[in-house]
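The values are calculated or read from the model by the stated rules, or taken from the named source; none is laboratory data. What you see is a predicted model, and the numbers here were worked out from it, not measured in a lab. Here Cβ is always computed from backbone atoms with ideal geometry, including for glycine, and neighbour counts include all displayed protein chains. Protein only, heavy atoms only, side chains kept; ligands, DNA and RNA dropped before computing areas. Shrake-Rupley method; radii C 1.70, N 1.55, O 1.52, S 1.80 Å.
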Amino acid sequence: MTRLAFPPPYVPLNGLDPALRDAGFALVSASDVQRWLHTDAEQLAALHASWDDLPSDAYLMDGGRYRRRRHSCFVVDGGVVQQVPHRAHWQPLEYNALHGGMQRWFEPMDPAVLATPLWQRLLGTVGQAVSALRGERPWFVEAHPFRIDTTDGIGRPTPEGAHRDGVDLVAVFMLGRHRIKGGESRVFDAHGPSGQRFTLTEPWSLLLLDDERVIHESTPIQPVLPGELGWRDTLVLTYRRDGFQGG
């Protein structure tokens, strides 16, 4: 039996800020992301090409081999995007029971990607959304390019389970799915029973999350055909006031 995918409840661009304010999350279609970033599918695909060169994650505490990633950090202040010296990714146990309390040193993102006008514009545009939600200020941004694959037969986008990240805003760009099933996104009210579930499939569609109000997770992925390698690519950005976690 084929499991039905739940379509994302996209909002128009003029509904993005109200949705974040009222519901705690907002979903934006790929076509609207292109308009939002003043770009096109070809430029976005060129940015995505670097995901084929992601190193393996050596810190998975469940012993898995299914995650590849890089990590770089920035400060976004209005229209100015400044990369900061390479640093470890750190989260407290309160927000990541599986990997919290560890200094995880991932390889940095490709400098050629970070130098593109599109990358600078992308970070600045998401910064406008969190400033509309919280008020303008400098934002401390961590960028995580991820590839979750089916090397182990199953891949876990969120091995820590449903969680918050300890930041102000989380942006999850769906970049692509290759020969997989699963990978459903789930968003829950952090202080109540309500929730939403949906499957992002459009390349460069976007999920924005008010991390103070909602918790989120993605379900495991499996290959469409047993033994076949499949993968799910995302770009996750976190925006936090007053500094990076871990000082």
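If I filter the stretch 74-86 for residues that are at pLDDT 95 or above and closer than 22 Å to VAL214 by Cα, do I get at least one hit? Lay out the reasoning, then the answer.
Step one: list which residues in the stretch 74-86 are at pLDDT 95 or above, which gives 74-77, 80-86.
Filter once more, keeping what is closer than 22 Å to VAL214 by Cα: none.
Checked the stretch 74-86: no residue is at pLDDT 95 or above and closer than 22 Å to VAL214 by Cα.
Being assigned to a loop (DSSP other than H, G, I, E, B) and without any contact (Cβ under 8 Å) to a residue 12 or more places away in the chain is the filter; apply it to the stretch 107-158 and report the residue that is nearest to ARG213 (Cα to Cα). Can you show your working first?
Of all residues in the stretch 107-158, those assigned to a loop (DSSP other than H, G, I, E, B) come to 107-110, 115-116, 135-138, 150-154, 156-158.
Then keep just the ones that are without any contact (Cβ under 8 Å) to a residue 12 or more places away in the chain; that gives 115, 135.
Details: ALA115: 33, GLY135: 16 Å.
The extreme case among them is GLY135.
Does HIS71 fit the bill of being in contact with a Phe, Trp or Tyr (Cβ under 7 Å, 6 or more places away or on another chain) and at pLDDT below 95?
no
I'd like the residue in the stretch 159-172 that is part of a loop (DSSP other than H, G, I, E, B) and of a type in the set (A, V, I, L, M) and, out of all such residues, is nearest to ARG241 (Cα to Cα). It would help to see each step written out before you state the result.
Within the stretch 159-172, the subset part of a loop (DSSP other than H, G, I, E, B) is 159-162, 164-168.
Within this subset, residues satisfying the condition of being of a type in the set (A, V, I, L, M) are 162, 167.
Numbers: ALA162: 23, VAL167: 7 Å.
Step by step, filter the stretch 159-172, then rank; the result is VAL167.
Given the criterion touching a helix residue (DSSP H, G or I) at 6+ places or on another chain (Cβ under 9 Å) and open to solvent by 10 Å² or more (accessible area, probe 1.4 Å), identify the matching residue among GLN103, GLN83.
Among GLN103, GLN83, only GLN83 is touching a helix residue (DSSP H, G or I) at 6+ places or on another chain (Cβ under 9 Å) and open to solvent by 10 Å² or more (accessible area, probe 1.4 Å).
Inside the stretch 171-199, can you point out the residues that are modelled with pLDDT of 95 or more and farther than 25 Å from SER131 by Cα?
Within the stretch 171-199, GLY176, ARG177, HIS178, ARG179, ILE180, LYS181, GLY182, GLY183, GLU184, ARG197, PHE198, THR199 qualify.
Those residues that are more than 25 Å from ALA88 (Cα to Cα) and touching a strand residue (DSSP E or B) at 6+ places or on another chain (Cβ under 7 Å), I need them from the stretch 112-152; list them, please.
ALA129, LEU133, THR150
For the stretch 55-66, does any single residue satisfy the condition of being farther than 23 Å from LEU207 by Cβ, at pLDDT 95 or above and touching an Asp or Glu at 6+ places or on another chain (Cβ under 8 Å)?
Looking through the stretch 55-66, at least one residue is farther than 23 Å from LEU207 by Cβ, at pLDDT 95 or above and touching an Asp or Glu at 6+ places or on another chain (Cβ under 8 Å).
Could you say which residue among LEU200, LEU206 is in contact with a helix residue (DSSP H, G or I) (Cβ under 8 Å, 6 or more places away or on another chain), open to solvent by less than 20 Å² (accessible area, probe 1.4 Å) and either under 27 Å from SER72 (Cβ atoms) or in contact (Cβ under 8 Å) with a residue 60 or more places away in the chain (or both)?
Result of the check over LEU200, LEU206: LEU206.
Which condition number in (1) on the phi > 0 side of the Ramachandran plot; (2) open to solvent by 50 Å² or more (accessible area, probe 1.4 Å) is the one that GLY135 fails?
The single condition GLY135 does not satisfy is (2).
Which condition breaks for GLN103 when tested against (1) at pLDDT 95 or above; (2) of a type outside the set (A, V, I, L, M); (3) farther than 22 Å from HIS216 by Cα?
Answer for GLN103: the failing condition is (1).
Okay, residues lined up against (1) buried (at least 19 other Cβ atoms within 10 Å of the Cβ); (2) modelled with pLDDT under 95; (3) under 14 Å from HIS71 (Cα atoms):
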residue	(1), (2), (3)
VAL126	yes, no, no
THR158	no, yes, no
ASP165	yes, yes, no
LEU169	yes, no, no
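How many of the residues making up the stretch 226-235 are assigned to a strand (DSSP E or B) and open to solvent by less than 60 Å² (accessible area, probe 1.4 Å)?
Number of matching residues: 4.
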